[in-house]
Structure formats: C-alpha cells, structure tokens
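> I'd like to ask you about the structure that follows.
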C-alpha cells in the first residue's frame with residue numbers, strides 16, 4: 001500500500017503535464033471544430049442570411 | 001450444446017447477487033445524508049426503508065452458502081446480467097414512492113436509465129424533486145458509469161471470480177495486471193475528475209449568483225453525469241437552465257475525457273502522452289468528429305433558428321459532443337430537435353449509434369470496433385489485389401502495435417450486427433406504436449446506445465409496451481449484448497420443460513444402471 005502511494009506521488013508531475021497537454025489538445029480541437037463550423041457556413045453561402 | 005444451470009450454479013449466482021446488492025446499499029448513504037442535512041424527512045424515511053430492503057434481500061441471498069472456488073464463465077455472465085436487472089428493481093423503490101413517477105414501471109425505467117447511464121428521464125415535475133431523490137438518481141449514474149461489478153471488485157470482493165466477472169461487464173482491458181487494482185484505478189480517476197469539474201462548475205454557478213448549497217449539489221450532479229457520460233440533469237430545462245457558455249465548455253471537456261479509454265488515462269498519468277496521440281481510436285475519433293461537424297454545420301446552415309454563427313457554434317458543438325460521448329445532455333429543446341433542428345436529427349442519431357471509445361464510460365458500437373472492421377475491409381481488398389503468395393497482415397495502434405486477428409474481427413462484427421438489429425427492432429416497435437419513422441429510429445438508437453437524447457417519445461406515462469422494450473434495449477446496450485444473450489439462453493434452456501424431462505430421464509437411467 002505504502003509503495004503504491006509512493007508511486008502515485010512520483011508520478012504526479014508527469015501526470016499533471018500529461019493531462020495538461022491532453023486538455024489543451026481537447027480545447028484546441030474544440031476551437032478547430034468551431035472554425036470548421038464557421039468555414040462550412042461561409043462555403044454553404046449562408047453567411048449573409 | 002447449450003449450458004444448463006445446475007442447482008449449484010443457481011446457489012452461486014444467488015450468493016454473489018446478494019453480495020452485489022449489499023455493496024450497492026452503500027450508494028444509498030449519500031441520498032440519506034442529503035435528506036437529513038436538508039431536512040427532507042419524508043425522503044429520509046424512504047431511503048432508510050430502501051436501505052433495509054437492500055440489506056435484508058442481500059443478506060438473504062448471501063445465505064445461499066457456496067464452496068469457495070473459481071467462478072465459471074457461465075456463472076459470471078449470469079451474475080452480471082442479473083445484477084443489473086435486480087438492482088434496478090430495488091433502485092426503483094424509493095423513486096416510485098416519491099410521487100414524481102406515474103407508476104412503478106416509470107420508476108423502473110428511470111432506475112434502468114440511471115444505472116445504464118442512458119439518461120432518458122420520465123420524472124414528473126423534475127424542478128421540484130427533492131435533493132435526496134436527485135442525489136440517488138446521480139448515485140445510480142456513478143455506480144452504473146463505473147460498472148456495478150467494477151464497484152464491487154474495487155472493494156476486493158469475489159476473490160478468484162474477479163477476472164471472468166470483469167470481462168462480462170463489457171470491459172476487456174486491464175490498466176494494470178491485477179483486476180482489483182484496475183477497478184480501483186478506474187474509481188480513482190473518475191472521482192478525481194468529478195471533484196475537479198465540481199469545483200470549477202460550482203465557482204461558475206456562484207459567480208452567476210446561485211445559492212452556495214444548490215450551486216455545489218447541482219455542479220456535483222452535472223459533473224457526475226458528464227464524466228459518466230450519462231445524461232440525467234437536475235433541472236427540466238436541461239443544460240439550458242444555466243445560460244452559461246463557460247459551464248457548457250467545461251462540461252464538453254469533461255464529457256470528452258469521460259469517453260476516453262481508461263487504459264489511455266493510465267498512459268497519460270504515466271506521462272506517456274505520445275501513446276495517447278498515436279492511438280488509432282483517438283486519431284479516428286478526431287477525423288470522425290471533424291467530418292460529422294462539417295455535415296452538421298451544413299445542415300444547420302439551412303435551419304432558420306440555428307443559422308446564425310454563435311447559435312451554430314454553441315448549440316451545434318455541444319450537441320455533437322453530447323451525442324458522440326452518448327451523454328445525452330441537451331442545450332436545445334425536444335421540439336427544436338424534431339422541428340427546426342430536424343435536419344441534424346439523423347446526424348445526432350448516427351453519432352449516438354457509433355458512440356465513444358472502447359473501455360470508457362461511453363456507449364454505442366464504439367469507434368474501435370468500426371476501425372477494426374475498416375482495417376479488415378482494407379486487408380480483404382489488399383489480399384484480392386496481391387499475388388497469391390503474398391501474406392497480408394494488418395495491425396492497429398493501441399499501447400503498441402497490435403495485430404488485427406480473425407477473433408477480434410469476429411467480436412467486432414458480432415457486436416455491430418447485434419447493435420444494428422436492436423436499433424432496427426426498436427425502431428419498428430416505435431413505428432408500430434404510431435410514431436413517426438424518424439422519431440422512432442432516433443429514440444431506438446438513443447436507448448440502445450445509452451445516448452439518452454429524446455425526440456419526445458420517452459415521456460411520463462408513455463405506452464408500457466414501448467417503455468419495457470426501451471428498458472430492454474438500455475440493458476442490452478450497456479452490457480454489449482453478449483452477456484445478456486448468454487443469460488437469456490441459459491435461463492430458457494434451463495427452464496425448458498423438455499430439457500427438464502430429459503435430465504430427469506437421464507437421472508433415472510443412471511439410477512437404474514447403478
């Protein structure tokens with residue numbers, strides 16, 4: 001049990017960095033999706049409607 | 001030859017079901033505490049009574065003494081399949097007594113929807129439901145999202161039977177070699193994300209001027225619902241109630257994190273970010289979402305109500321994420337889905353039908369299975385075009401290169417066909433009940449994929465035959481069919497009079513011989 005806890009503590013900086021990158025990637029992906037929505041809107045010619 | 005249940009099997013199944021019922025009683029503690037803290041004495045008495053029923057029934061079943069030993073695969077399948085149904089019957093008791101459900105079947109539907117993390121609700125007057133009842137609805141989501149067996153295994157129960165039980169609940173991968181440690185890891189990750197999301201959403205609700213206790217509880221509930229990719233909400237206006245882009249963005253990230261394979265969570269935690277981005281399923285998900293968002297945006301552009309950019313961005317993206325992760329949150333009304341939103345209705349249904357990643361809390365067919373089938377089709381084409389002597393091997397990336405074996409392809413094909421058949425069967429039942437075809441297809445997919453977005457068929461006091469069929473779809477979808485079908489076959493074969501007569505005859509013949 002103690003050994004397992006030590007492992008978790010050791011892993012903390014890597015884990016935080018890992019999740020920070022993944023969450024950042026998810027946010028970037030959501031922004032990309034939003035840009036895709038805007039792009040499709042322009043392409044379908046509905047921008048002025 | 002089908003496997004028949006013996007008396008010993010029945011005893012073992014009963015014993016372990018009792019253990020599961022007893023473990024699930026822990027889930028009744030939070031609603032009981034909430035009822036006491038907020039002075040909801042009527043609710044407190046209901047939860048106290050239900051705890052008693054859980055404890056008596058669980059202990060009663062546990063009296064079926066069994067010899068300690070390894071559980072057979074057939075026993076594990078029966079325990080898992082029955083556990084989800086038996087617990088739903090018990091979980092519906094406090095809800096049915098709350099006065100917010102038309103009858104017991106409605107409460108049972110709510111319990112199955114909660115445990116299978118579907119999130120379709122038939123509650124009446126949701127805005128005035130007690131805190132305790134709401135807490136119980138979301139506790140069911142938490143237990144169901146993790147998996148009832150996973151919750152029980154994380155307490156170190158079942159000993160030698162752990163492995164077969166774990167795989168019978170629609171999970172096949174171990175994060176760490178030990179099953180108990182794997183289940184504890186899944187629990188820890190889930191609780192950590194729910195805590196983090198609750199903190200952020202509570203702060204946002206407080207900024208909006210919500211009362212602190214209410215802000216905390218509602219944030220906790222929507223956070224549980226989002227990470228378990230479930231779909232219950234505490235307010236009848238769904239996520240629209242909060243009128244907050246920030247809350248919607250946080251929930252979108254939490255839903256996406258909930259639909260990531262738990263083994264990839266473990267890799268991220270170990271700092272192996274590369275493994276996450278190299279994963280075949282993650283890459284296909286990204287392409288899938290970009291493609292679907294393009295089609296969705298094009299369809300919305302033609303809609304009068306959604307054609308302005310902010311509405312498309314906000315409502316469109318949120319609905320796509322909610323449907324992909326099979327969470328089932330809505331920031332458009334049901335009448336908008338079937339009315340001005342109708343062009344996007346089919347796209348939402350396709351998203352729910354496909355679902356999220358394998359080994360996550362999301363439902364549906366799973367991107368991984370479609371990826372494997374796609375690879376298998378490519379291999380077939382390659383083999384057709386290659387010289388006779390060529391040997392084609394295909395692989396996919398998931399924590400290292402893995403070969404696509406015929407067994408994996410067969411499993412993916414079986415599950416795909418079973419999901420497809422269930423979607424069609426549910427749609428036919430809906431159409432036969434007098435609903436519009438598109439509505440019936442949408443609702444059937446929402447139930448079997450555990451998506452839970454409703455097109456208006458699932459309402460309080462709906463036709464009971466449709467309600468029971470949807471209930472079966474939710475149950476089958478959560479257990480990914482094989483467990484449920486195996487259980488049904490075992491029960492039917494064991495209870496068939498001809499099989500009973502044959503066994504009796506065989507026993508007599510054996511006696512005569514001896």
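The values are calculated or read from the model by the stated rules, or taken from the named source; none is laboratory data. These figures come from a predicted structure and were not determined experimentally. Note that each Cβ is placed from the backbone with ideal geometry, even for glycine, and that neighbours are counted across all protein chains shown.
> Within 8 Å of another protein chain (Cβ to nearest Cβ), more than 15 Å from the chain's Cα centre (by Cα), closer than 28 Å to residue B:278 by Cβ and at pLDDT 80 or above, is that true of residue A:23?
Answer is no for this residue.
> Another one. What residue, among those in segment A:28-49 that are more than 7 Å from every other protein chain (Cβ to nearest Cβ) and in a loop (DSSP other than H, G, I, E, B), is modelled with the lowest pLDDT?
Here the residue is A:48.
> Looking only at helices (runs of 4 or more DSSP H) that lie completely in segment B:19-133, which have at least 2 residues being over 19 Å from the mean Cα position of the chain (by Cα), within 30 Å of residue B:443 (Cβ to Cβ) and in contact (Cβ under 8 Å) with a residue 24 or more places away in the chain?
Output list reads B:73-96.
> Also: Output yes when any residue across segment B:283-291 is crowded, with 20+ Cβ neighbours inside 10 Å and out of contact with any helix residue (DSSP H, G or I) (no Cβ under 7 Å at 6 or more places or on another chain), and no when none is.
Scanning segment B:283-291 turns up no residue that is crowded, with 20+ Cβ neighbours inside 10 Å and out of contact with any helix residue (DSSP H, G or I) (no Cβ under 7 Å at 6 or more places or on another chain).
> Being modelled with pLDDT of 95 or more and part of a helix (DSSP H, G or I): is that true of residue B:239 here?
In short, no.
This table checks each residue for (1) away from every other protein chain (no Cβ under 14 Å); (2) more than 25 Å from the chain's Cα centre (by Cα).
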position	(1), (2)
B:209	yes, yes
B:213	yes, yes
B:222	yes, no
B:229	yes, no
B:234	yes, no
B:239	yes, no
B:248	no, no
B:253	no, no
B:260	no, no
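> Let me ask something additional. With the checklist (1) touching a helix residue (DSSP H, G or I) at 6+ places or on another chain (Cβ under 9 Å); (2) in a loop (DSSP other than H, G, I, E, B); (3) more than 14 Å from chain A (Cβ to nearest Cβ) in hand, flag the one item residue B:356 doesn't pass.
(3)
> On to the next question. Name the residue, out of B:338, B:326, B:334, that is away from chain A (no Cβ under 12 Å) and over 23 Å from the mean Cα position of the chain (by Cα).
Checking each option against the conditions leaves just B:338.
> Could you list all residues from segment B:380-419 that are in a helix (DSSP H, G or I) and surrounded by fewer than 16 Cβ atoms within 10 Å (Cβ to Cβ)?
B:380, B:381, B:382, B:383, B:384, B:385, B:406, B:407, B:410, B:413, B:414, B:417 - these are the residues of segment B:380-419 that are in a helix (DSSP H, G or I) and surrounded by fewer than 16 Cβ atoms within 10 Å (Cβ to Cβ).
> In segment B:272-294, is there at least one residue being more than 10 Å from every other protein chain (Cβ to nearest Cβ), under 21 Å from the mean Cα position of the chain (by Cα) and in contact (Cβ under 8 Å) with a residue 60 or more places away in the chain?
Looking for residues that are more than 10 Å from every other protein chain (Cβ to nearest Cβ), under 21 Å from the mean Cα position of the chain (by Cα) and in contact (Cβ under 8 Å) with a residue 60 or more places away in the chain, one finds at least one in segment B:272-294, hence yes.
> Moving on to the next point. Going through B:29, B:21, B:36 one at a time, which residue ends up being farther than 21 Å from residue B:485 by Cβ, loosely packed, with under 14 Cβ neighbours inside 10 Å and modelled with pLDDT of 90 or more?
B:29
> Pick out, from segment B:244-285, the helices (runs of 4 or more DSSP H) lying fully within it that include 3 or more residues that are within 24 Å of residue B:222 (Cα to Cα).
The helices (runs of 4 or more DSSP H) meeting that bar are B:245-258, B:262-269.
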